[in-house]
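To start, the structure under review is shown below, and the notes come after it.
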Amino acid sequence: QVKLVESGGGLVQAGGSLRLSCAASGSIARTDAMGWYRQVSGKQRELVARITSGGDTNYADSVKGRFSISRDNAKNTVYLQMSSLKPEDTAVYCCNADIIRTPTMHRSAYWGQGTQVTVSS
């Protein structure tokens, strides 16, 4: 069993900052790429940022220069530091991780339950 648990969402004024965390736990042999996605009701889920186990990152154009993704491999945790937040950043943010489980050593994609981020104008 593998579980991803997010924390850190909430309500913030435009221009403010939030830090999201997502911790993976369970029967984990290795955690490969981890990322953050967001979804607004009625719209398609979109990639916000992604980071490989080696630390390579990629970002959606809409968040470049404002958001920063990082990870702690020892803790199987990924972070998303969000700054200069805008009302259009309002969404449910979900973390995703490619995890190889023990003892099967099978790779699967896992998702957290999501955390609401609301940016007021």
Ordering TRP111, TRP36 by accessible area with a probe of 1.4 Å, largest first, what comes out? TRP111, TRP36
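How would LEU80, LEU47 line up by accessible area, probe 1.4 Å, largest first? Don't skip to the end; give the middle numbers.
Numbers: LEU80 0, LEU47 55 Å².
If we order LEU80, LEU47 from most to least accessible, we get LEU47, LEU80.
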Listed residues GLY15, GLY42, GLY54; largest mean-square fluctuation, Gaussian network over the chain with Cα springs below 10 Å, found at GLY42
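Calculate what fraction, in whole %, of the accessible area of region 64-121 sits on carbon and sulfur atoms when a 1.4 Å probe is rolled over the protein chains. Numbers along the way, then the final one.
Details: 1450 of 2910 Å².
So the carbon and sulfur contribution to the accessible surface is 50 percent.
Please give the net charge around GLY8, taking every other residue with its beta carbon less than 15 angstrom from that of GLY8, where Lys and Arg add +1 and Asp and Glu add -1. Write out the running numbers ahead of the final one.
Details: positive: ARG19, ARG38, ARG71, LYS75; negative: GLU6, ASP72, ASP89.
For residues surrounding GLY8, the net value is +1.
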Quick one: accessible surface of TYR59, probe radius 1.4 Å, all protein chains present, in square angstrom to the nearest 10. 60 Å²
Per the beta carbon screen (other Cys under 4.7 Å), unpartnered cysteines of the chain come out as CYS94
Note to self: C-alpha centroids of region 65-98 and region 9-46 sit apart, in Å, by 5 Å
Please find, in a Gaussian network model of the chain (springs between Cα atoms separated by less than 10 Å), the residue of ALA24, ALA49, ALA14 whose mean-square fluctuation is greatest. ALA14
Taking 41 Å as R0, compute the FRET efficiency from the Cβ-Cβ separation of SER121 and LYS3 and round it to 0.05. 0.70
Would you mind calculating the gained length between ARG30 and ALA74 on full extension (0.36 nm times residue separation, minus the Cα-Cα distance), in nm to one decimal? 14.8 nm
Find the relative contact order for the chain and round it to a whole percent, using C-alpha pairs within less than 8 Å whose residues are 6+ positions apart. 36 percent
Could you provide, to the nearest whole Å², the per residue accessible area of the chain with probe 1.4 Å? 52 Å²
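The values are calculated or read from the model by the stated rules, or taken from the named source; none is laboratory data. Just so you know, these numbers come straight off a predicted model, no measurement behind them. Glycine gets a Cβ as well: all are built from the backbone with ideal geometry, and neighbour counts include every protein chain shown. Areas reflect the complete protein model, heavy atoms only, side chains present, ligands, DNA and RNA absent. Shrake-Rupley method; radii C 1.70, N 1.55, O 1.52, S 1.80 Å.
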